[in-house]
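Peer 1: Here it is, the structure, as structure tokens.
The values are calculated or read from the model by the stated rules, or taken from the named source; none is laboratory data. Bear in mind the structure is a predicted one, so any value in this text is a computation, not a measurement. Heads up, the Cβs are rebuilt from the backbone with ideal geometry, glycines too, and the neighbour counts pull from every protein chain shown. Just the protein is used for accessible areas: all its heavy atoms, side chains included, with ligands, DNA and RNA removed. Shrake-Rupley method; radii C 1.70, N 1.55, O 1.52, S 1.80 Å.
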Amino acid sequence: MKKILRKLIRTEKGQSLPMVLILMAIGGLIITPLLSYTSSGLKVGKAYEKMADEFYAADAGIEDGLWQIKYNNLEELFDNYERYDYSAEYEYPISYPVEVNSIDVDVSIENVWIPKDMAAPTNAEAEDLIGAGKLIITGGVSAELTQQVKIYYYKGATDPPLLVNEIGIWLPPGISYNEEGECTLETWLTAIGKDYSRDIDPYKGGQAVVWTLAEPLPFTALPGVSILDTPMTSTFTFLFLLDDPESERTPEALSWITTSGVSDIPYTWDADVRVFHINSQAGGEDGTTINAYSIRSELRELGSAINGDYRAIGSTLMIDTNPWSTPPELDELLPYSDATVNDIPENAQVDLAYLYWSGWITEVGPQVIWGPENCSNFTAPIMDWARATGSRWTISSNRFQGRGGSSYTVDQKTLTMNSSINLSTYVGQTVTISWNQTKSGTLSSGDALYYAFYNGSWSGNFVAFQGNSTPTNPFSIPIPAAYLTSNFKMRFYFNFTSTSKYVYVDNIQITAQSAVEADTSVAFEIDGDQVYFANDEYGNPAVPTQGPVEIIADRSKMLENQPNEYSYACFKDVTGLVQAFTENGNATYTVGHVTAETGDEWSYAAWSLIIVYSSPDTKGHQLYIYGMSKSKSDFLYVDNNGTLEYPISGFLVPDPIPGEEEAAKIACFIGEGDDYYEGDYISINPPYFPGAPDSYKLWDGTTSTLHPGSNTESHPNNVWNSKSIGLEETGIDIDTFSVSWDSGLLEPGDTSALVALETGTDSWNLVYIIISFRSRAITGGTVTYLIEG
């Protein structure tokens, strides 16, 4: 054996074959399952990769939906979107495709109706209930783990008692009602002996807490209600629990109330809180679908609300070239003036642009258009007068004289123009006829001088004077518009029957007073190019165009400040022009060709442009514009020692945003205010007026120089001083006032306020007021998230 082994080792022949055969046998046994496993691995890997791609694509669709909700872009994304339509599913349009990882994603968004056991209203019904703002319910966190509910009721003068049937609140996932804590509503109801039930049920991923009254309860019996308040207000609180005690999340709860007794408010809900369902499907019906729910908390949009931030700019069109004169006078009218906006974010979009202009003008005296007839004869050069044979009209001392008599006919006592006067070119103006008139003798109560007008047929007789009282002299009367024709005539007639009674007429003339009109057209330029609206194919001025054409006001109003002195204001919606010729509203704007008169201490001419914009980069605001954009009646005049109480409503003051001190901003456009006269101020909700306490007055921060020789000081008692922060020229007030929470002038939940303005010696015009609230729109990501593969 040793010899054999040595021989084998020495020659090394045949040793590999057995090993190869063994390996081939083993390989033959495992190669098939190994290849099958590799194939399965490749297939499973592709499947997992497809699922991952679809998941990420669907998740991207959810994120896009959240972005659209957060930045309030749904109305722009969906042409037919209605914020209170709880039945529609809004699918992303073809014009807004979503594709991720080369996978098409179908995304849809729905409004979710939350109040429990209540049928969802139609969009129109909801807009009526919420927009009216007659019954409002809101809520928010008032202290640690404490939810507050506030209810406001504006009782109509003829409303019967409002009865409360049920109050409910939905708590979102992750938050639950603390049954061990105090609910002040329950404490109150128990104290006044009212039976109720409280039901807590799982509902829409969270909890519904509903308090039902055993019998309808008058609203005035709710906790904290005073019947003397407007609105009547009730507030209660309860405690809640967080599923994750370490979470810093606050509940975006949604409350509601059902009532009876007042037909137009059967219920309402907290429209500040909106819940959305987002569906995102990637890879078709067999792909991955994600359903997510999100909550958005925002400032409620009542009837006057506009979402966005704004810039209010403008400039004077009249300056004082002699600032040493007292009182000051603006004595030079500028052909143009401009103002620049350069701080609107680059990614902003212009939502609204409103242009206002205003000026002071005087009335030119009436112009004589016929006469005067000196009445020295009955023939030309002024007028031929027709008399009947035996006429009782003669000439006496260069006057027409009429003498009574008992046996004379009507024709013999009538004096008529023989030729026509063309008054048709004065249609639209005030045309007046006048004459001197006297009498002699003792007239009886029935004796009278009459006159009549002709336009193809004669009017009835009008009385010029009657009886024995001294006649009005001179006598004048506007000629009715129906007689401003090309064949105008007039006649006189008297009915005296005694030869001792006389009437005398002299100096007959006709005058025309041109109507004082607002200057309703101005030149408007953007970055040096004049722009206007050209007519579209239907003849409507709707096409933004560059060219030397003036824009025409949408609305205007004229006010008589003093006899023969007027101020006017005009409004034009220039949104289309600003959108068409600027990227985001930043530009230099020029306004010119505004008519106004100089040389008086009340002279002024000015313009202002409001640009409302929205941008993801700015803090949210909700704006309420009170001015001629809404109604011509909102152009107002305040005379010296005058007051103006300007109630504003249709808004809802939100809860304070942590870390922010400003409750609201109020901006005003005032025409004519000046630095010379003090005693003008603006106040909010003063306890008494006029003479509001200083603590209720607002101040724009400008320095006011009072009467010559006095100290230079800054205070709120000369706010309309023709000085505005950010404006280079004086002569206009576009002032912005800040209202702090600490002032207490506005409180969360207020839906109306009184803006009280008073003036000492100064006179001025209020063109618009803007009130702006910070609108904290919170979109708290997703509150539920379900993946279906």
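Peer 1: Kindly give Rg over Rh for region 87-222, based on alpha-carbon atoms, with the Kirkwood expression for the hydrodynamic radius.
Peer 2: Working: Rg = 19.9 Å, Rh = 18.4 Å.
Rounded to two decimals, Rg/Rh equals 1.08.
Peer 1: Further, regarding this structure: Dipole magnitude of region 152-257 about its Cα centre, charges +1 at Lys/Arg Cβ and -1 at Asp/Glu Cβ only, in debye to the nearest 20?
Peer 2: On the way: 5 positive and 16 negative charges, 92 e Å.
Here the size comes out at about 440 debye.
Peer 1: Additional query: Please compute one quarter of the surface area of the Cα convex hull for region 435-479 and express it in square nanometres. Display every interim value, and only then the final one.
Peer 2: Values: hull surface 14.1 nm².
Value for region 435-479: 3.5 nm².
Peer 1: Taking the simple approach of a point 7 Å from Cα along Cα-to-Cβ for both Ile94 and Thr588, what is their distance in nm?
Peer 2: 4.6
Peer 1: Further question on the same structure: Taking region 168-259, how much of its Cα-Cα pair set, in percent, is spaced more than 22 angstrom apart? Walk me through the intermediate numbers first.
Peer 2: Values: 1401 of 4186 pairs.
In whole percent, the share of Cα-Cα pairs in region 168-259 beyond 22 Å is 33.
Peer 1: Turning to a different aspect of this structure: Taking Cα centroids, how far is region 156-214 from region 316-362 in Å?
Peer 2: 55
Peer 1: Now for a separate question. On a 23 Å Cα-Cα criterion, which of the cross-link pairs Lys116/Lys150; Lys70/Lys155; Lys665/Lys697; Lys413/Lys439; Lys150/Lys194 come out too long?
Peer 2: Values: Lys116/Lys150 19 Å; Lys70/Lys155 35 Å; Lys665/Lys697 13 Å; Lys413/Lys439 15 Å; Lys150/Lys194 20 Å.
Result: Lys70/Lys155 exceed 23 Å.
Peer 1: Let's test the formula: R0 of 35 Å, r as the Cβ-Cβ distance of Ala143 and Leu754. What FRET efficiency results, to the nearest 0.05?
Peer 2: Working: r = 31 Å, r/R0 = 0.88.
Efficiency, rounded to the nearest 0.05: 0.70.
Peer 1: A further question on this structure: Hey, what D do you get for region 96-143 in µm²/s if you plug the Kirkwood alpha-carbon radius into Stokes-Einstein at 37 °C and 0.692 mPa s? Write down the numbers at each step before the final one.
Peer 2: Working: Rh = 15.0 Å.
This corresponds to a translational diffusion coefficient of 219 µm²/s.
Peer 1: Looking at the P(r) of region 478-563, how many percent of alpha-carbon pairs lie beyond 19 Å? Intermediate results must be reported in sequence, preceding the final value.
Peer 2: Numbers: 2530 of 3655 pairs.
Of all Cα-Cα pairs in region 478-563, 69 percent lie more than 19 Å apart.
Peer 1: Hey, rough spin-label estimate for Ser476 and Tyr203, points 7 angstrom out along Cα→Cβ, what's it come to in nanometres?
Peer 2: Placing both labels 7 Å beyond Cα along the Cβ direction yields 7.3 nm.
Peer 1: I need the Kirkwood Rh of region 380-508: take the reciprocal of the average 1/r across all distinct C-alpha pairs and report it in angstrom. Present the calculation step by step, with values, prior to reporting the outcome.
Peer 2: Working: mean 1/r = 0.0658 Å⁻¹.
Kirkwood radius, region 380-508: 15.2 Å.
Peer 1: Once you have the Kirkwood Rh of region 51-132 from its Cα pairs, apply Stokes-Einstein at 37 °C and 0.692 mPa s and quote D in µm²/s. Please report the intermediate quantities before stating the final value.
Peer 2: Values: Rh = 14.4 Å.
Translational D for this selection: 228 µm²/s.
Peer 1: Can you give me the C-alpha center-to-center distance between region 119-149 and region 435-482, rounded to a whole angstrom?
Peer 2: 67
Peer 1: For an R0 of 45 angstrom, estimate the FRET efficiency from the Cβ-Cβ distance between Leu559 and Lys194 and round to the nearest 0.05. Could you put the intermediate results ahead of the total?
Peer 2: Details: r = 55 Å, r/R0 = 1.22.
That gives a FRET efficiency of 0.25.
Peer 1: Still on this structure, please answer the following. Give the aspartates and glutamates whose C-alpha is closer than 13 Å to that of Lys572, dropping any in the same chain fewer than 8 places away, or say none.
Peer 2: Filter leaves Asp519, Glu550, Asp554.
Peer 1: May I pose another question? Work out how much length Trp67 to Glu363 would gain on full extension: take 0.36 nm times their residue separation and subtract the Cα-Cα distance, in nm to one decimal. If you can, show how the numbers build up before the last one.
Peer 2: Numbers: separation 296, 0.36 × 296 = 106.56 nm, distance 5.74 nm.
So the chain would gain 100.8 nm between Trp67 and Glu363.
Peer 1: Could you please tell me the mean projected area of the C-alpha convex hull for region 536-605, averaged over all directions and given in square nanometres to one decimal? Let's see the in-between values first.
Peer 2: On the way: hull surface 27.8 nm².
Result: a mean projected hull area of 7.0 nm².
Peer 1: Gln546 versus Glu76, label points 7 Å from Cα toward the beta carbon: distance in nm?
Peer 2: 2.5
Peer 1: Taking every pair of Cα atoms in region 271-394, average 1/r, invert it to obtain the Kirkwood radius, and report Rg/Rh to two decimals.
Peer 2: Here the Rg-to-Rh quotient is 1.44.
Peer 1: Would you mind counting up the charge near Tyr454? Only other residues with Cβ under 15 Å from its Cβ, with Lys and Arg at +1 and Asp and Glu at -1. Please list the in-between numbers first.
Peer 2: Values: positive: Lys489, Arg491; negative: Asp384.
Value of the local net charge: +1.
Peer 1: In Å², and per residue, what accessible area does region 74-177 have when probed at 1.4 Å with the other protein chains present? Working shown, then result.
Peer 2: Working: 4810 Å² over 104 residues.
Here the per-residue accessible area is 46 Å².
Peer 1: Ser500 to Met1: extension gain in nm, 0.36 nm per residue of separation minus the Cα-Cα distance? List each step's numbers first, then the result.
Peer 2: Values: separation 499, 0.36 × 499 = 179.64 nm, distance 18.45 nm.
Net length gain for the segment: 161.2 nm.
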